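Let me begin by handing over the structure; questions about it come next.
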Amino acid sequence: MKYAYTGKAARESLAEAGIELDPSAPIVLVERGAPIPENKIAVVFDESLIGELCRFLQSHSKSETPLSSDFIACRDEERIILVKAADIEFFSVDGDAVFCNIRSGRTLEVKKKLYELEQILFDRGFFRVSKSAIVNIVEINDISPWFGGRLLLRLKNGRDEIEVSRKYVTDFKEYLGV
Amino acid sequence: MYRQRQHPATFPAAVQETLIVLAGSAIIGAAVALPVIIGSKAPLLPALTRSVLTALVIGAFAAAAFTVLYRIIARKPLSGFLAVFFIILAGTVLGSLLGGERMPSHIFLMTFFAEAFGMAMCAYMFRKTVLLNNGLSRKQRQLKENSGS
């Protein structure tokens, strides 16, 4: 669920809590003292209660119907197509855009954030290996050590190699039970 | 079940393997050269320091060569092991000669033990990669079983 926001101080806190902000959203979060927009549902809050608000919005988003992890909606030029999660090799980030790389070798844009995909697809065997990549564990061919305590994952497609950054190496090893 | 990871401080984990290689190399360098230095009655500290530094260079170079070759040559470890063998061989012989050692028997013994310890350490480091890939296979089987059920 996305929310519009009016105010100054709480924007960062909302972003950190994973609350998606969209100026066109029908529900607007209004910091006390900021103007209340017309024709919208306004939630007025005091800056000191930002933590409570974030928790409420997070619990609300969790109580919504969970997003399906079987298929991921991807943009294919002007169309939106559903890609089976099992056909996805990995997700990568380029600038602000998230892309999913599928078995056929095509790269499609995904409208979700990487942290959302991480949560949705964790139980499907997708694991975050760096700030900019989530990989389908089943699609990894082998792992080799790399410089600076990092790891290199070679995919079964023979084309792609994905780096496990230092920050994620410990979690990755733990996930594999090593 | 997904859980938010906290990413604890990663500095020790990141440098752990490098430290193992360097510390191991330094110990091997000292252990291999010490009997010869004592036998030759040369000043202990400069000779030992030279030997340890040489071993550090050999160890770092061998580890880097193994990592690169293992990646380039389709994850076959043989090329990496061969590279490490020849780097230790060349490094020990060259290091001994540059250090003023002229006795072939001394050079042979130092090279022999450097190879034995160095290759053992290389095998130990490679075992970690094997365990990691075994863990990957287990996880993949587990995920396939779960998706099939």
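The values are calculated or read from the model by the stated rules, or taken from the named source; none is laboratory data. Keep in mind the model is a prediction, meaning the values are calculated, not measured. Counting neighbours? That spans all protein chains shown, and the Cβs are built from the backbone with ideal geometry, glycine included.
If you take the residues in the stretch A:118-127 that are at the interface with chain B (Cβ under 8 Å from one of its Cβ atoms) and in contact with a helix residue (DSSP H, G or I) (Cβ under 8 Å, 6 or more places away or on another chain), which one is nearest to A:LYS84 (Cα to Cα)?
The selected residue is A:ARG124.
Among the residues of the stretch A:82-90, are any surrounded by 20 or more Cβ atoms within 10 Å (Cβ to Cβ) and acidic (Asp, Glu)?
Yes, there is a match, as at least one residue in the stretch A:82-90 is surrounded by 20 or more Cβ atoms within 10 Å (Cβ to Cβ) and acidic (Asp, Glu).
Now for a separate question. Which ones in the stretch A:108-117 are more than 16 Å from A:SER165 (Cα to Cα) and surrounded by 15 or more Cβ atoms within 10 Å (Cβ to Cβ)?
Those that are more than 16 Å from A:SER165 (Cα to Cα) and surrounded by 15 or more Cβ atoms within 10 Å (Cβ to Cβ): A:LEU108, A:VAL110, A:LYS112, A:GLU116, A:LEU117.
Here's a follow-up. State whether one or more residues within the stretch B:127-136 are within 11 Å of chain A (Cβ to nearest Cβ), over 27 Å from B:LEU69 (Cα atoms) and among the small types (Gly, Ala, Ser).
Within the stretch B:127-136 (the criterion being within 11 Å of chain A (Cβ to nearest Cβ), over 27 Å from B:LEU69 (Cα atoms) and among the small types (Gly, Ala, Ser)), the answer is no, since none of the residues qualifies.
Here's the yes/no breakdown for (1) surrounded by 20 or more Cβ atoms within 10 Å (Cβ to Cβ); (2) within 19 Å of B:LYS144 (Cα to Cα); (3) hydroxyl-bearing (Ser, Thr, Tyr); (4) in contact with a helix residue (DSSP H, G or I) (Cβ under 6 Å, 6 or more places away or on another chain):
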position	(1), (2), (3), (4)
A:VAL129	yes, no, no, yes
A:ASN136	yes, yes, no, no
A:GLU139	yes, yes, no, no
A:SER144	no, no, yes, yes
A:LEU152	no, no, no, no
A:GLY158	no, no, no, no
A:ARG166	no, no, no, yes
A:ASP171	no, no, no, no
A:GLY177	no, yes, no, yes
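Residue by residue through the stretch A:1-52, note down the ones that are surrounded by 14 or more Cβ atoms within 10 Å (Cβ to Cβ) and on the phi > 0 side of the Ramachandran plot.
If the condition is that a residue be surrounded by 14 or more Cβ atoms within 10 Å (Cβ to Cβ) and on the phi > 0 side of the Ramachandran plot, then A:GLY7, A:GLY18 are the ones that fit.
Report yes if A:SER59 is under 16 Å from the mean Cα position of the chain (by Cα) and either under 29 Å from A:GLY177 (Cβ atoms) or of a type outside the set (Phe, Trp, Tyr) (or both), otherwise no.
Spelling it out, it is not the case that A:SER59 is under 16 Å from the mean Cα position of the chain (by Cα) and either under 29 Å from A:GLY177 (Cβ atoms) or of a type outside the set (Phe, Trp, Tyr) (or both).
Which one is modelled with the lowest pLDDT among residues in the stretch B:1-60 that are assigned to a helix (DSSP H, G or I) and of a type in the set (S, T, N, Q)?
Selected residue: B:GLN16.
Name every residue in the stretch B:90-108 that is assigned to a helix (DSSP H, G or I) and surrounded by fewer than 16 Cβ atoms within 10 Å (Cβ to Cβ), in order of residue number.
B:ALA90, B:LEU94, B:LEU97, B:LEU98, B:PRO104, B:SER105, B:PHE108
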